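J.: Structure below; questions to follow.
The values are calculated or read from the model by the stated rules, or taken from the named source; none is laboratory data. Note that the structure is a prediction, hence the values are computed from the model and not measured. Heads up, the Cβs are rebuilt from the backbone with ideal geometry, glycines too, and the neighbour counts pull from every protein chain shown. The accessibility values were calculated without ligands, DNA or RNA, using every heavy atom of the protein model including side chains. Shrake-Rupley method; radii C 1.70, N 1.55, O 1.52, S 1.80 Å.
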Amino acid sequence: MKGLTHFVSGIAVASFFPQAVHMAVQEKSFILALGGIFGILPDTLDFKFARYFFKPEFEVRPDPNNLDAKKIAEGVAEAVKKAAEDGKSTLQLHTMQLGANRWRSYSLAFEKETSEIVVEIGPEIDTGQLPFLGTEVKDPQKAVARVKVDCEFQQDFDKKSTIGIMTGPAFEFAKTEDGKVEIIFLPWHRTWSHSFTLGILTAFIAGIIAYFTVGEGPNPDLYTLPRWMMYPLIILFGSAIHIIEDSTGFMGNNLFYPFTKKRTKGLGFMSASDAVPNFFFVYTSILCIIFNLDRFHPGQILETRAISNPWFYWIVFWALPSVVMFYLYFKGQGTKSKKKNKPDFDSPKMEHEPDVSVI
Amino acid sequence: MQTVLNLILNPQYLILVYFSFIGVLFSLIVSFLPALHIYNVLGILMLLVFHLEVALPPMHLIALCIGMIVGYSIFNTVPASFFGPGDESMSYYVLPSADWLEKGRGYESVILTAIGSLGGIVIMAILAPLFIKIVPILKTVTGPHLFWILGAVIAYAILSEWPKGLSYSSSRLTNFLEGWKYLGIGLLTFFLASILGFIVMNKTLVPVDFAFQSITPVFVGLFAIPWLITNIINIGKVPKQHIPETVEIDWALVYQGSFSGFLGGFFAAFMPIVTAGIGGLLSSHATAQRDNRLFILSYGTCKTVYYVGSFLLFFIPGVYLTRGGLASIVSPVMFATGYREYFLFVAIMVFSAGISFLMLMPFTKACIRLVEKVNYKWVSIVTLVLLIPAVFKFTGFGGLAIMAVATGIGLMPVLFQARRMNLMAVLLVPVCVSMAGYGNHVLRFLGLI
C-alpha cells in the first residue's frame with residue numbers, strides 16, 4: 001500500500017478512541033496525528049534505514065557503454081548457483097544512469113518452466129519511466145539473453161522486474177527443503193520493521209514514558225482507560241493497521257520477528273500499487289475519521305451531531321461509492337487478465353515495487 | 001424554478017458576463033508576466049478601487065474576480081511551463097512539465113492541464129448544489145481539529161520524502177549518506193522556512209503601509225527567484241515545440257485525472273494554508289498515480305479547484321469560509337450572499353472557464369513563438385530585473401531583505417533536488433503552531449516577543 005494509505009488509516013484507527021478525540025478538542029493535543037505517524041513508520045524504517053544495512057554478496061553493475069544482456073544474466077546466475085550450493089545468497093542489481101533525467105532500463109525474469117534467467121535490455125527512459133523511442137538496442141544478441149541454471153525456481157508469482165531509475169532492486173536466493181531456489185524480492189523490506197513485535201515493543205516503551213509524564217486529564221471518571229494509555233494504544237494499533245493492510249498484498253510481512261524468521265505470504269488480494277484498493281482504504285479511513293470526530297465531539301448527543309443520520313451517511317457516502325470502486329477494480333483486473341499471456345511489469349499478479357515511489 | 005427563470009429572463013445579468021470577460025482578459029495579461037501572482041495584482045486593484053472611489057456594485061466586482069481567478073487558474077500553466085512558476089502550487093507541476101517542454105511537447109502539456117482544469121470546473125458545477133449540504137457539515141466537524149490536521153499534513157510531508165541516492169557504492173555508509181543528503185537538505189529547508197515564517201508573520205520588516213503585501217517578498221524569494229536563477233544558469237535554448245492537432249488522451253484518463261485532481265484541489269481549498277501543490281501530492285498518493293499524462297491532467301484539475309474552489313467556498317450560503325487569498329482580499333467589501341449569488345457564481349465560473357479555454361490555445365502558441373525567438377535566458381533575466389524593483393516598490397528595503405533570505409532558502413531544494421514543498425513550512429508551521437495555541441511559546445523561544 002502507498003504511504004498515504006497507511007498514514008490516513010493510522011489516523012482513522014486513532015480516531016476510534018473517544019478520549020483521544022476529546023484530547024484533541026479540549027487540550028489541543030496532536031495525539032490523533034500520532035496514529036498516522038506510526039502508521040507510516042514501518043515503511044520509513046525500511047526505506048530510510050534498513051535498506052542501507054543490507055549487504056549483498058553479489059552486485060550486478062551493467063555498463064551503459066557496453067550493453068550486454070548476457071553479462072547481466074550471468075551475474076544473476078552466479079548468485080543463484082551460490083544459493084543452490086550453499087543454501088543462500090544475496091544480490092543487488094544496479095541501475096544505469098545516463099544523465100540527470102535519462103536512464104537505460106533492463107528487465108529480469110526467472111522462468112520456472114525452463115529454469116532460465118531472462119534479461120532484456122530495454123529502451124532509455126526518463127525519471128518518469130517514459131521510454132525514448134528509437135533507443136532500443138538493435139543487436140538482438142546483446143539485447144536479450146537467457147542463461148540456464150541447474151536448479152528449479154520457487155516463486156510465488158510471475159515476476160518480471162524492470163530495473164530503471166534510482167536504486168535497483170535487491171534479491172535473496174534461498175535453497176528450500178525440496179532443493180529449489182526460492183526468489184525473495186527486496187529481502188530487507190517488510191521484515192523486522194513490519195512485525196507486530198516491533199509495534200508491541202514501541203508501544204511498551206511509549207507506555208512507560210507516558211505513564212511517568214502524562215498527567216490526569218479533565219473528568220477522568222468519564223473514561224474507562226487512563227489518559228496515559230492512549231499513547232501506547234494509538235502507537236500499537238497505528239503500526240498494526242499498516243501490517244494488516246500490507247498483508248492484503250502479495251509480499252506479506254514477517255509478523256512476529258524475531259520469533260518468526262521468514263516473511264509470510266500475503267493474502268494476494270491486490271497489488272500494493274493498485275489505484276482502486278489504495279483509494280478505497282484512504283476513502284474509508286477519511287469517512288471513519290469524519291464520523292468519529294463528529295460522534296466523539298465532547299458533549300455530543302445524536303440530535304446535535306452534524307451527521308445526524310449515520311445510516312444515510314454510511315450508505316450514501318461509503319456503500320454506494322464502494323460498489324462503484326469494486327466494479328471499476330474488477331473491470332480493470334479483467335482487462336489486465338486478458339493481457340496475462342505477456343507476464344510483464346503490469347501483470348495483475350505483480351507486486352511491482354522496484355522503486356520506493358510506489359510503496 | 002422561479003429563480004432559474006428569473007435569472008434567464010433578466011438580461012441585466014449579462015453585465016456580469018461582461019465583467020467576467022474583462023476579468024479573464026485581465027488574468028491573461030497577468031499570466032503573461034512571469035512570476036507575478038494574481039493575488040498581488042488583485043490586492044493592488046482593490047486598493048485602487050478604494051483609493052479612487054470607483055463605483056462598482058459588489059456583484060460586478062465578484063464577476064470580475066471570478067473571471068480573473070478562473071482565467072488565472074487556467075492561463076498560469078503557460079508561463080509556468082515556458083518561463084517558470086509563480087508560487088508553490090505551480091512549482092509542483094513544473095518538473096514534469098519542464099520535462100515535456102524539453103521533449104518539444106510543451107503545448108500538449110498545457111492543453112492536458114487545461115483539459116484537467118475544465119474537468120475541475122465541470123465537477124465543481126455538478127457538485128455545487130451538494131456543497132451547500134456537505135461543506136457546512138465538514139466545517140462543523142473539522143473546525144476544532146484543523147490544527148492537528150495541518151500537523152498531520154506536515155508530518156506526512158516530512159515522512160513521505162524518500163532517499164534519492166543511487167546506492168552505487170559498495171560502502172553502506174556512503175550509500176546512507178548519499179541517500180540522506182537529499183533528506184537532510186529537505187529537513188533543513190523545512191526548518192529554515194518555518195523559522196522565516198515565524199519571523200515574517202510576527203515581526204516583519206515590511207512597512208505597515210504595505211502589510212497586506214508582507215508575504216509577497218517571501219514567496220518571490222522562495223519560489224520565483226530561485227527558479228529564474230536556475231533558468232539563467234542552466235537552460236539553453238528551448239527546443240522546437242510541436243503543436244499537435246489532437247492530444248493523445250482517452251476518457252478514462254480524463255475521468256481518473258479530474259477525479260483525483262478534484263480531491264486534492266478540494267482538500268487544498270477547504271484547508272487553510274494548504275496549497276494545490278500539497279493537495280496534488282496527497283491526492284496523487286491516495287490514487288496511486290503513475291502515468292505522467294495523468295499527473296499533468298490531474299494537476300490542472302487540482303490547481304483550478306484550489307484557486308476557484310477556495311473562492312467558491314466563500315459564497316456558500318450560511319458558511320462563508322474565508323479560504324485562499326482572493327476570499328481574504330474581497331471579504332471586506334462583500335455583502336452576505338444567498339443562493340442566487342451562489343448559483344450566479346457557478347454560472348459565471350463555467351462561462352469564464354469556457355472563454356479561458358478558448359483563449360488558451362492562441363495564447364500558448366504566442367508564447368511558444370516568443371520563447372522560440374527570444375532567448376529563454378533573457379526572458380528570465382528581464383523578469384528578474386523587473387521583479388526586484390517591484391518588490392522594493394511595494395515592500396521597501398525590509399521586503400528586499402526578506403526576499404534575499406527567502407531566496408537563499410528557496411535555492412536549497414532547487415540545487416539539491418529536494419522537495420520544494422518543504423518551503424511551504426513558511427506558512428504551514430507558524431499557522432499550525434498558532435492554531436494549536438503554542439505560538440507564543442515558540443515566539444518567546446525565538447526571542448520575537
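J.: Given that compact globular proteins tend to follow 2.2 N^0.38 Å, what is the ratio of the alpha-carbon Rg of the stretch B:2-445 to that value? Working shown, then result.
T.: Values: Rg = 21.4 Å, N = 444, 2.2 N^0.38 = 22.3 Å.
Ratio of Cα Rg to 2.2 N^0.38 Å: 0.96.
J.: Output the direction-averaged projected area (hull surface divided by four) of the convex hull of the alpha-carbon atoms of the stretch A:214-266, in nm².
T.: Result: 5.1 nm².
J.: Highest GNM mean-square fluctuation, chain B, Cα pairs closer than 10 Å: which of B:G324, B:G410, B:G396?
T.: B:G396
J.: Find the accessible area per residue for chain B; the probe is 1.4 Å, ligands and nucleic acids are left out, and the unit is Å².
T.: On a per-residue basis, 39 Å².
J.: In whole Å, what are the extents of the stretch B:279-404 along the principal axes defined by its C-alpha atoms, from largest to smallest?
T.: 50, 43, 32
J.: Oh, and also: Would you kindly compute the Cα radius of gyration of the stretch A:27-145 and its largest Cα-Cα separation (Dmax), both in Å?
T.: 19.6, 69
J.: Against the empirical 2.2 N^0.38 Å scaling, what ratio does the C-alpha Rg of the stretch B:158-201 come to? Walk me through the numbers before you get to the answer.
T.: Numbers: Rg = 13.9 Å, N = 44, 2.2 N^0.38 = 9.3 Å.
Scaled against compact globular proteins, the figure is 1.50.
J.: Taking the Cα centre as origin and putting +1 on Lys and Arg beta-carbons and -1 on Asp and Glu beta-carbons, what dipole magnitude results for the protein assembly as shown, to the nearest 20 debye? Could the numbers behind the result be given before it?
T.: On the way: 60 positive and 54 negative charges, 132 e Å.
Dipole of the protein assembly as shown, to the nearest 20 debye: 640 debye.
J.: Rounded to whole Hz and in sequence order, give me ³J(HN,Hα) for the stretch A:205-213 from the Karplus expression 6.51 cos²θ - 1.76 cosθ + 1.60, θ = phi - 60°, writing x for Gly and Pro.
T.: These are the phi-based 3J(HN,Hα) values: 5, 4, x, 5, 4, 5, 4, 8, 10 Hz.
J.: Another question, then. List, in order, the whole-Hz ³J(HN,Hα) value for each residue of the stretch B:369-382 obtained from phi through the Karplus relation with A = 6.51, B = -1.76, C = 1.60 and θ = phi - 60°; use x for Gly and Pro.
T.: 4, 5, 5, 6, 8, 8, 5, 3, 4, 5, 4, 5, 5, 4
J.: Right, another one. At a 10 angstrom cut-off on C-beta neighbours, averaged per residue, how do the peptides B:248-256, A:235-243 rank from highest to lowest?
T.: A:235-243, B:248-256
J.: Can you list, bin by bin at 20 Å, the percent of alpha carbon pairs in the protein assembly as shown, starting at 0?
T.: For the protein assembly as shown, the pair-distance distribution reads 15, 47, 32, 6, 0.
J.: To the nearest 20 Debye, how big is the dipole of chain A about its Cα centre, given +1 on the beta carbon of each Lys and Arg and -1 on that of each Asp and Glu? Walk me through the intermediate numbers first.
T.: Numbers: 37 positive and 39 negative charges, 63 e Å.
Dipole size: approximately 300 debye.
J.: With label points built 7 Å along Cα→Cβ from the Cα atoms of B:V374 and B:L187, find their separation and express it in nm.
T.: Between B:V374 and B:L187, the label points sit 4.4 nm apart.
J.: Please compute the contact order of the stretch A:58-185 in relative form: average sequence separation of alpha-carbon pairs under 8 Å and at least six residues apart, divided by the residue count, as a percent.
T.: Averaging sequence separation for qualifying contacts and normalising by length gives 30 percent for the stretch A:58-185.
J.: For labels at A:K55 and B:Y13 in the simple 7 Å Cα→Cβ model, what's the distance in nm?
T.: Inter-label distance under the simple model: 7.5 nm.
J.: Within the stretch B:328-361, list the residues whose amide N lies under 14 Å from a label point set 7 Å along Cα→Cβ of B:I132.
T.: Correct set: B:337-347.
J.: Another one. Calculated FRET efficiency, A:Y223 and A:L45, Cβ-Cβ r, R0 30 Å, to nearest 0.05?
T.: So the FRET efficiency works out to roughly 0.40.
J.: Grab the alpha carbons of the stretch A:176-298, take their convex hull, and tell me the volume per residue in Å³. Spell out each step's value before the answer.
T.: Values: hull volume 16.8 nm³, N = 123.
Normalising the Cα hull of the stretch A:176-298 by residue number yields 136 Å³.
J.: Given the options B:I225, B:I233, B:I381, which has the most mean-square fluctuation in a GNM of chain B, springs set between C-alpha atoms less than 10 angstrom apart?
T.: It is B:I233.
J.: Given 10 Å bins starting at zero, what is the percent of C-alpha pairs of chain A in each, up to the one with the largest pair distance?
T.: Spelled out bin by bin, chain A gives 5, 20, 27, 22, 14, 8, 3, 0 percent.
J.: For chain B, modelled as a Gaussian network with Cα springs under 10 Å, which listed residue fluctuates most, B:G354, B:G408, B:G437?
T.: With Cα springs under 10 Å in chain B, the top fluctuation among B:G354, B:G408, B:G437 is at B:G437.
J.: Percent relative contact order of chain B, based on C-alpha pairs within less than 8 angstrom and at least six residues apart?
T.: The value is 29 percent.
J.: Give me the percent relative contact order of chain A, please, defined on Cα pairs under 8 angstrom at least 6 residues apart. Show your work: numbers first, answer last.
T.: Values: 680 pairs, mean separation 74.1, N = 359.
Answer for chain A is 21 percent.
J.: Further question: For B:Y182, what is the net charge nearby, where nearby means another residue's Cβ is under 12 Å from its Cβ and Lys, Arg count +1, Asp, Glu -1?
T.: Summing Lys/Arg as +1 and Asp/Glu as -1 gives +2.
J.: Pop out the ³J(HN,Hα) list for the stretch B:355-361 in order, Karplus 6.51 cos²θ - 1.76 cosθ + 1.60 with θ = phi - 60°, rounded to Hz; leave Gly and Pro as x.
T.: Per-residue couplings from phi come out as 4, 4, 4, 5, 7, 5, 5 Hz.
J.: Which of B:M359, B:L138, B:I381 sits closest to the plus end of the dipole of the protein assembly as shown, meaning its Cα is farthest towards the positive end, when Lys and Arg get +1 and Asp and Glu get -1 on the C-beta?
T.: B:I381
J.: Please compute the Kirkwood hydrodynamic radius over the stretch B:140-277, one decimal place, Å, based on all pairs of different Cα atoms.
T.: 19.8
J.: Across peptide B:298-310, what mean number of C-beta atoms from other chains lies inside 10 Å of a residue's C-beta?
T.: Values: counts 0, 0, 0, 0, 0, 0, 0, 0, 0, 0, 0, 0, 0.
Across the residues of B:298-310, the mean count of other-chain Cβ atoms within 10 Å is 0.
J.: Among the listed pairs A:K160/B:K103; A:K70/B:K181; A:K142/A:K261; A:K2/A:K82; A:K180/A:K331, which have their C-alpha atoms separated by more than 32 angstrom in this model?
T.: Those over the limit are A:K70/B:K181; A:K142/A:K261; A:K2/A:K82; A:K180/A:K331.
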